[in-house]
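Take a look at the structure below.
The values are calculated or read from the model by the stated rules, or taken from the named source; none is laboratory data. Quantities reported herein were computed from a predicted structural model and do not represent experimental measurements. Please note: Cβ atoms are built from the backbone with ideal geometry, for glycine as well, and neighbour counts cover all protein chains shown. Each accessible area value is taken on the protein alone, full model and side chains, heavy atoms only, with ligands, DNA and RNA left out. Shrake-Rupley method; radii C 1.70, N 1.55, O 1.52, S 1.80 Å.
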Amino acid sequence: LLLRALSACCAPRLARSVLPLEVYSRLDTYVGRVVADAVATCETRSNSTCGIAALAKKIGDAAESARRRFDLNAFGAMIDQEACDILRVSMSTDLTSLKATCAANGTWPPICSGMELEIRNRLNSELWELGVACSILSPGPQKEYVPQCSSLAKAMIADRDTLPSCHNVSRAQCASNFCDLYNTFEWRIRPYQMQTDVASSPYMTSFVLPGCEVIAQNEYRPEECHLRDDVNAFCECLCEGFPIIQPQNSQDCKTEITHYLMFGRQRVDGLDLSRDCEPELCKLLSSMRDSDNAYCATLDLPTMQECTALYLHKVEENCIWEEDSGEVNVLECLDGHRCNLNDEGWACCNGHIGRGRCPSETPVMCDIICSGLTEYCCGEVGSCTPRPCSPVLRPTPRYLAVTTTMTSTLPPPGSGANLADEGGGIEIRVPAGIWIWALVIVPLCGGCIALFVWLRYCRDKFDEVVVPPCEIEENVDKLGGYNIVKPMPKYKESAFKRPVVEISLDKLPNVRPLGVELLELKVVRVHAQGEKHGWKVGDVIVEISGVAVDTFEELWARMQVERDRPPIKFIVERLGDAGVGDDERIAMQEAAEEAEAERVQKRKSGKIAPAPASNEAPGRPPKQAWGGTASPLAARGLASSVVGWETWLDRPDGNPAAAGGSSPAGGRGKAGGKGAGRGKGAALEDEVDALSIGTTSRGGSPTNRGNVEGAGTRTAASTGFMRDFPVTSEAKARIVASKSKRADPAASEVRVKTDAWGRAVLQVGGD
C-alpha cells in the first residue's frame, strides 16, 4: 500500500522526467496544464515505441506557431491558416491513428484513454482562445467548425485580464487591456478580414459569426477605443468594487457578470444575466454609486431599487426608453408588449414588467415615477429631466469628447501591413561613421555640463550670505531711539497648516440657523447654539454639502437649497482666534456697542415721562417762593412729579410751609394741624401718604409732617407719577411696618440714583 501511495504521488513528477522538458513546457504554455500532465502520464505508462512523445511535440509546435501568428497579427492583418490546420489535424486525426496503432501492438494502456479525452475536450473547448480562433480561421470544408459569437467572447475573456483582475493594474494598463480585447473581437467577428487570398474555405464579406449580428451593426472606432464611456467606467469605477461579488447557488457570478457587462448588454446571444446573479450586479452598481469615488458619481449608476426595477434578467435590450415608440398614443412595455392608451390606459404595462418607450406625442421618459416601481412618467421635450441610462448598461457604447491629440507610429488598421513573418520587427539603420562622431560629441557634452555645474557651485559658495539667527527691533524712549536684538522665532511647520473640520447640522432653524455671526465667510462670534454644533471663532466656511462657496451670497443660496436635505455638512478651515484680525475685532466691537446702545435707548423709553423743558414743574409755585435754582434732577430725566424736590428741601428755614407755599405735589403748608400731636406710627403713615404723591420731609418735625394730613382729601391724579404708579393700601401697610423698625424717616437721607434702564430715581433712606 505504501509503494502504491508513493507511486501515485510521484507519478506526475516521474511523467515529467520521462517526457522531454521542452515538450512538456510547450504544451503547458500553449495548450494547458491539464493536457500536459495527461500526456506525460500516458508517456510514462506506455511503451516508448508507441510515439506519444512525437505526437505531443507536433501538437506543441503547431500551437506555438499558431499563437505567435495570432499575437503578431491580432488586429488589422491577415493570417496564414497553415499552423491552425496542422494543430487541428494533430489533435484529432493523428491522435485517432496513434491510438489504433498502439492498441494493436498492445502498447496503449487504459490511462492513455484519459489523455485522448483531455485533448479532444481542449480542442472543442469554448474557453481556449487559440482553439476558437483557429476554428474561425480554418472552419472546415462545410464551415462545420465555425464557433458561436458567445464562444469567442468567453474565450477571449478567459485568456485576458478583464473586470475580475483589473483592480490590480494601473489606469493606463487597464484601458489598454480592454481596448486590445475589443479591437481583436471586432476584427474576428468578420472572418473574411483574417483570411488570406489562398484560404481553403473563404468567407463572404457580409458574413459575421452567429450571434454577433446586433453588435456588428454598432459604430466602432478602434483608434478612439480609449474614449469609450464604458471602458472608462470599467477602469475608473467598477474595477474598484468588483471583488465584492460572491457566488450564488454554485454559479460563478463574477464570470457571468463580466460576460454580461462586456458583451451581453450589447446583445451578444448566449451571454444573458441569470436571475441568481442579478442581485450581485445590482449590489455592485449601488455600492459604487454610494462610494467616495468621484468618477462613479458621473455614471448615473442605479440604486438597488432602481436596478431591481430594470429586470435585467428578463429584458432583451437595456435603456430602450431613450427612444419613443414611434406611434401616437402607443406605449411600449419593457417586455416588448405594445398597447394603445385610448383602449387600455396608462396602466397597460403593469403586467408587462413596466414602461419601456413613451408615445411619440410625449417622447421623453422623465426621471419621475408616477406609480409603482417602473411606471416612469412621460412628457414633452424640455418639460422634465430625462431618465438617465448608465454607460455600463447602455447597449451601444458612446465616445467621450476628444481632449488630447495622440500620434501613433503603428500602421493604420486595414492598411495591408502583414507582420506574419516570425522574424519581422522594427529595423533601425545607422548611417556609416556615426560611431566616430559619438565618441567625440558625447565626452565633449559631458565635460561642458560638468564645467557648468562646477562654476555654479563656486558662485553660490562665495556669494552665500550668512543670515544671523536673530532679529532686530527698533524702539524709542525719552533718551532717543535704540535697537533690541531678539532671537529668531522657531516656527513649526505644523503651525502653518490649517486644520480642516467637518461640522454636521441635522436641521437649519429659521432664526439664527448656524448660531454664529459671520463676517463674509469667517465666524467672528459664536452663540450658545453654535457652541453645541462645534463652531469656533476664526472658522472659515469653504464648503457646504460638497459645494465650494467663496462669498456669503453663495453660502446663503446653498443653505436654502440644502435646508430640505439634512444632514447639512459644513467644511471649515479652523484658524482659531489668531484668524480674526484687528480690523475684524474692531468692526465686531463697534457692532456690539451699537447693539448695546440701541438696547439701552429702548430701556430708557418707559411709562414715566421725562421732565419738562422748563425749570418749573406742573403745579410748582413761582421760582421766588422757593428761593432755589432750576432743579438739577430735571436734566437727568427724573419723573415730573418729583422735579423740584431738592429746591423745596433747601429753603432757608427748612419749612416749605412757612411761606405759605405748597409742596410740589400740590399740598398746602400749615403751621400746625392734627399731625402735631400724633404718635410715631401715625407720622409714618403720613410719610407714606406724602411718598405716594411724590413728597417727603427732610429736617422738619412732626408738625411739618402734619402738613400732609390732608393727603386723603387731595386728588392723587394731580401728578403723572400717581396716575401711573398708585400706592395701594397693602403696599402702604408694608412700608409702615418696615419703617417702624428703623430710624425716623425725618432724619433719613434722600439720594438720586440710576436704575437698570438708565432712568433717574429718588431713594429715601440709607439703604
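Results, tabulated for the structure shown:
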quantity	calculated
Where labels lie 7 Å past Cα in the beta-carbon direction, separation of V500 and R120 in nm	6.6 nm
Region 85-188 - Rg (one decimal) and Dmax (whole number), Cα, Å	18.0, 59
Nearest-10 value in Å² for the accessible area of E596, using the 1.4 Å probe	80 Å²
Trypsin sites (Lys or Arg not before Pro) restricted to DSSP loop in region 215-287 with at most 14 other C-beta within 10 Å	R275
Of K536/K602; K154/K314; K522/K569; K283/K314; K254/K314, those spanning more than 24 Å from alpha-carbon to alpha-carbon	K536/K602
Net charge of Cβ neighbours under 13 Å - reference A233; Lys, Arg +1; Asp, Glu -1	+1
Paramagnetic reach from D71 in region 148-178 [backbone N under 20 Å; point 7 Å along Cα→Cβ]	155-162, 173-174, 176-178
Alpha carbon convex hull of region 138-221, volume per residue in cubic angstrom	116 Å³
Net dipole in debye of region 298-367 [+1 Lys, Arg Cβ; -1 Asp, Glu Cβ; about Cα centre; nearest 20]	220 debye
Region 73-132: radius of gyration over Cα atoms, expressed as a fraction of 2.2 N^0.38 Å	1.43
Total charge dipole magnitude, region 276-396, about the Cα centre, Cβ charges on Lys, Arg, Asp, Glu only, Debye to nearest 20	180 debye
For P164, net neighbour charge (Lys/Arg +1, Asp/Glu -1) across residues whose Cβ lies under 14 Å away	-3
Nitroxide proxy distance, nm - points 7 Å out along Cα→Cβ at A592 and Q251	7.0 nm
FRET efficiency, K143 to R398 (Cβ-Cβ, R0 35 Å, nearest 0.05)	0.50
Square roots of 5 times each gyration tensor eigenvalue, C-alpha, region 160-309, largest first, Å	31, 18, 14
Efficiency of FRET from Cβ geometry, F452 and D367, R₀ 51 Å, rounded to 0.05	0.20
Projected label distance in nm at I436 and H313, using a 7 Å step from Cα toward the beta-carbon	8.0 nm
Net lengthening on full extension, I484/A54 (0.36 nm per residue, minus Cα-Cα)	145.0 nm
FRET efficiency, 1/(1 + (r/R0)^6) with R0 30 Å, evaluated for L508 and A294 via beta carbons	0.70
Extension gain (nm, one decimal) between S200 and T101, 0.36 nm per residue minus Cα-Cα	32.6 nm
